[in-house]
Amino acid sequence: MSGMEPNARDQARKSAAEPPVVVYEGVVKRFGDFTALNGVSASVNRGEVVCLIGPSGSGKSTLLRCTNMLETVDGGRVLFDDAPLPTTESEARRVRRRMGMVFQNFELFPHMTALENVSVGPQTVLGASARSARDRAQALLDKVGLSEKADSYPNTLSGGQQQRVAIARALAMDPEVMLFDEPTSALDPETIGEVLNVMKQLAEEGMTMIVVTHEMAFARRVGNWVIVFDHGRVIEQGPPAQIFERPHEERTREFLSHLAWSG
Amino acid sequence: MNLDWSVAWQYRGMLADGVVVTILLTVLTMAISVPAGIGVMLLRQSRFPILRAIGLVYVEFFRNLPLILLVYWSFYVLPLLIDLQLSPFATGLVALCLNVTAYNSETFRAGVNSIRAGQTNAGLALGMSRWQVMRKVVLPQALRRILPVLASTWVSLFKDTSLVSVIAVGDLAHAALQVRSQTFRVLEMLTVMALIYWSLGYPQAKLVDWIHRKYGTSE
């Protein structure tokens, strides 16, 4: 791992010329007696790749799901584009259209081909014509390197291919922010790279990304900002160089050492 | 014993008409009860407690009454209740639909609930409304999954249509029983009736087995 130079992107946080696109203010989320998020505050600037890391069950995925209202927040608030997240279903839909989400288990629609998976969003939600949605879907499949798989059904694709289709599906809505929920955790080791490469390419194009991941090499090389979770709290956040080379917190060090990460 | 099988041939026209009515009743009942069953299922899944209650009462009421009682009830009570005089055929159709819709809605509910929440989340994350998620994502998958159950319901229904014969709908059972009482050829007509039901029902049952094999085990 020592051969990797930190990307220039993570030397400094994106300038604060623009207000952050997503802000978490003391977010609290409970499931019954269990407190999944216990006052999480953080922010995401436009064009940044923010990586959420930490042990399983530490609240990273829950925070991601609170970002596009797949979960409701019990305390604190989440701001998107300077406005608190809405509470009504129809307003929620408008916000969700502006965010793409990629799931750990892909969640492709099994009764649709790859192309239909990618075109169904624009067609159903944005009212795009069948033709323009198809053209755009084909272009996006090209982008993720799956142009020849347009007519394949998900169950005939490998995990890595399915996840790339899922990324294309999310991109089809032309989102301002992409949310990745452990996008490589369900993949065979040999297909992880192809998904990370697509994500890296997106990052280089300037996409704002919030990524829950256990891929420390990705967080270090592609991330601009890393947030470390434990027991529903942020224990440390900072640029990758800080988190991976000279963490301020003992618990960060501990977590990374459990992953056999050698800065 | 003196058997005369020629009565069946002699009354073949009447029996054939009965077969047509039986098939028509089955097809129409299913054509109405599948969409109606989806409707009742949607009521039961609604966000609004009052709609959920209506769906629940419907299902629990009509699912737990003997079909023959529903047939009689539709025939004698419905006209008094809403002053609507339907033909025996339409009355029988109403009774069958009330019953089968209740069953279908439960079948659809099981199918919809078997689709994992992640699929709904994926649809919602794209900005779809709950209704769009249901229509585009959940229902098509659920339908595939419950096809074997719907096929079984179909075969049961095909036989259960015989119950409407009690209100003189000219279905196969009614036709055969009519011939029986006109000719007193009890054994012959019951046997012929059994043969016709069986020879029509058996291929359908085989078709259901095939559907089970093809769709029953897929993801």
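Observations on the structure shown:
- With all protein chains in place and ligands, DNA and RNA left out, the 1.4 Å accessible area ranks A:R221, B:R180 as A:R221, B:R180, largest first.
- Top of B:F158, B:F48, B:F89 by mean-square fluctuation, Gaussian network on chain B, Cα under 10 Å: B:F48
- Projected-area mean, chain A, by convex hull of Cα positions, square nanometres: 14.3
- Stokes-Einstein diffusion coefficient of the stretch A:101-217, Kirkwood radius over Cα pairs, 37 °C, 0.692 mPa s, in µm²/s: 234
- DSSP H segments from chain B that extend 15 Å or more along their own axis, Cα-based, with Kyte-Doolittle mean of 0.0 or above: B:12-44, B:49-63, B:67-82, B:88-114, B:139-160, B:172-183, B:186-215
- Spatial extent of the stretch B:6-215: Rg and Dmax, with the Cα atoms as the point set, Å: 20.1, 69
- Under-5 Å amide H pairs with A:C51, H placed in peptide plane, nonlocal only: A:V211, A:N224, A:W225, A:V226, A:I227
- 4 °C / 1.567 mPa s Stokes-Einstein diffusion coefficient of the protein assembly as shown, Kirkwood radius on C-alpha pairs, µm²/s: 49
- Between A:E236 and A:V228, the built amide H atoms are under 5 Å apart, and every one of these is 5 or more places off in sequence or on another chain.
- Shielding score for B:135-145, defined as the mean number of other chain Cβ atoms within 10 Å: 3
- Shielding value for A:125-133 is 1, the average number of Cβ atoms from other chains within 10 Å of each residue's Cβ.
- Backbone HN-Hα couplings from phi across the stretch A:243-256 [Karplus 6.51/-1.76/1.60, Hz, Gly and Pro as x]: 5, 8, 10, 9, x, 7, 9, 4, 5, 5, 4, 4, 4, 5
- The stretch A:70-102-the stretch A:156-186 distance, computed between alpha-carbon centres (Å): 20
- When the alpha carbon gyration tensor of the stretch B:133-172 is reduced to an equivalent ellipsoid, its three semi-axes come out at 33, 11, 5 angstrom, largest first.
- For the stretch A:210-257 versus the stretch B:93-113, the gap between their alpha-carbon centres in whole angstrom: 53
- Sum of -39500 (n - 2.57) over DSSP H runs of 4+, divided by residues of chain B (222 nm, nearest 500): -26500 deg cm²/dmol
- Sum of -39500 (n - 2.57) over DSSP H runs of 4+, divided by residues of chain A (222 nm, nearest 500): -10500 deg cm²/dmol
- Between the amide H of A:N45 and those of A:V21, distances stay under 5 Å, these residues lying 5 or more places away or on another chain, with hydrogens modeled in the peptide plane.
- Reciprocal mean inverse distance between Cα atoms of the stretch B:97-146 - Kirkwood radius, Å: 11.3
- Legend: mean number of C-beta atoms from other chains within 10 angstrom of residue C-beta atoms, peptide B:109-118, equals 1.
- Net charge contributed by nearby residues that have their C-beta within less than 12 Å of B:V71 (K/R +1, D/E -1): -2
- Sorting the segments A:241-248, A:119-126, A:99-106 by their mean number of nearby beta carbons within 10 angstrom, highest to lowest, gives A:99-106, A:119-126, A:241-248.
- Cross-link pairs exceeding 29 Å in C-alpha to C-alpha distance, out of A:K149/B:K136; B:K136/B:K214; B:K159/B:K214; A:K60/A:K200; A:K200/B:K136, comprise A:K200/B:K136.
- Between A:E194, A:E148, A:E236, the GNM of chain A built on Cα springs shorter than 10 angstrom shows A:E148 fluctuating the most.
The values are calculated or read from the model by the stated rules, or taken from the named source; none is laboratory data. A quick note: this is a predicted structure, and the numbers were derived from the prediction, not measured. No Cβ is skipped: glycine too gets one built from the backbone with ideal geometry, and neighbour counts run over all protein chains shown. For accessibility, only protein heavy atoms count, side chains too; no ligands or nucleic acids. Shrake-Rupley method; radii C 1.70, N 1.55, O 1.52, S 1.80 Å.
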